[in-house]
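S.K.: Here's a structure for you.
The values are calculated or read from the model by the stated rules, or taken from the named source; none is laboratory data. Keep in mind the model is a prediction, meaning the values are calculated, not measured. Using ideal geometry, Cβ is built from the backbone for each residue, glycine included, and neighbour counts are taken over all protein chains shown. The accessibility values were calculated without ligands, DNA or RNA, using every heavy atom of the protein model including side chains. Shrake-Rupley method; radii C 1.70, N 1.55, O 1.52, S 1.80 Å.
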Amino acid sequence: LAAGMNEGSAFDRIIMRIIDLLMAFPFMEIAIVAATLFGNGLTNLLFIVTAVWWVPFARMTRSLVLKAKTETYVSAAIVLGAGNADILFRELLPQVLGTVLVQATFQLGSLILTIAALSFIGMGEHPPAPEWGSMLSDGRDHFFQAPYILLGPSIFIILTVLALNLIGEGLRDRLDPYEIVEL
């Protein structure tokens, strides 16, 4: 494949060191520092979250591609004269896409919890914008008088994360190439 994508190339080493650096710090601390520097609000919060959220996907995708590159079907495609784009889109992408999609559904639930937690501590969107974390934060002052105020956002957070996890489980079962199908 292209020189920039080979394991051990300068491009690969630089990107992996950036990923290692981003993974060395806990995400919540990065988000708190970035929110302090750039300010609160949903736009800044989403920018901060997506700036760091791609890191585990990049590491996982890299390892899957490096493993798939050693398979015989990739060698056969090279021998048959397939170009880099053909190998990437016809051989490697189908092998990697399922795993990445499943991981994305699981991580999306975690992302929702993270955004709600950051909004809960005041780093997200503020009222009157409808944001689950800020709704929980506003309702905690009234917990003993009206605990039902916390039920709405809490139930919707739980149901959304549960639904995403169930979708991830379904995708995992559906996209598993080693699953034996019973007729």
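S.K.: With respect to Ala117, determine if the residue is assigned to a loop (DSSP other than H, G, I, E, B) and either open to solvent by less than 60 Å² (accessible area, probe 1.4 Å) or more than 23 Å from Trp54 (Cα to Cα) (or both).
M.R.: Details: assigned to a loop (DSSP other than H, G, I, E, B): no; either open to solvent by less than 60 Å² (accessible area, probe 1.4 Å) or more than 23 Å from Trp54 (Cα to Cα) (or both): yes.
Criteria not met by Ala117.
S.K.: Further question: Which of the residues spanning segment 94-114 are small (Gly, Ala, Ser), within 30 Å of Ala35 (Cβ to Cβ) and open to solvent by less than 40 Å² (accessible area, probe 1.4 Å)? If you could, list the steps in order and put the result at the bottom.
M.R.: So the first thing to find is which residues in segment 94-114 are small (Gly, Ala, Ser), and the list is 98, 104, 109-110.
Cutting the leftovers down to within 30 Å of Ala35 (Cβ to Cβ) gives us 104, 109-110.
The answer is Ala104, Gly109.
S.K.: With the requirement that a residue be free of Cβ contacts under 8 Å to residues at least 40 places away in the same chain and assigned to a loop (DSSP other than H, G, I, E, B), what does segment 124-141 give you?
M.R.: The answer is Pro127, Pro128, Pro130.
S.K.: When the residues of segment 132-154 are narrowed to those that are hydrophobic (A, V, I, L, M, F, W, C) and either in contact with a Cys (Cβ under 8 Å, 6 or more places away or on another chain) or more than 23 Å from Val49 (Cα to Cα) (or both), which ends up most open to solvent (accessible area, probe 1.4 Å)? Spell out how you get there, then give the answer.
M.R.: The initial filter retains those residues of segment 132-154 that are hydrophobic (A, V, I, L, M, F, W, C), namely 132, 135-136, 143-144, 146, 149-151.
Now narrow it down to the ones that are either in contact with a Cys (Cβ under 8 Å, 6 or more places away or on another chain) or more than 23 Å from Val49 (Cα to Cα) (or both): 143-144, 146, 149-151.
Details: Phe143: 94, Phe144: 184, Ala146: 11, Ile149: 68, Leu150: 31, Leu151: 95 Å².
Here the answer is Phe144.
S.K.: Considering every residue within segment 93-112, establish whether at least one is of a type in the set (Ser, Thr, Tyr) and over 30 Å from Leu66 (Cβ atoms).
M.R.: From segment 93-112, those of a type in the set (Ser, Thr, Tyr) are 99, 105, 110; that's our starting set.
Now restrict to residues that are over 30 Å from Leu66 (Cβ atoms): none.
Within segment 93-112, not a single residue is of a type in the set (Ser, Thr, Tyr) and over 30 Å from Leu66 (Cβ atoms).
S.K.: Would you check if there is a residue in segment 122-131 being open to solvent by 60 Å² or more (accessible area, probe 1.4 Å) and modelled with pLDDT of 85 or more?
M.R.: Taking every residue of segment 122-131 in turn, none turns out to be open to solvent by 60 Å² or more (accessible area, probe 1.4 Å) and modelled with pLDDT of 85 or more.
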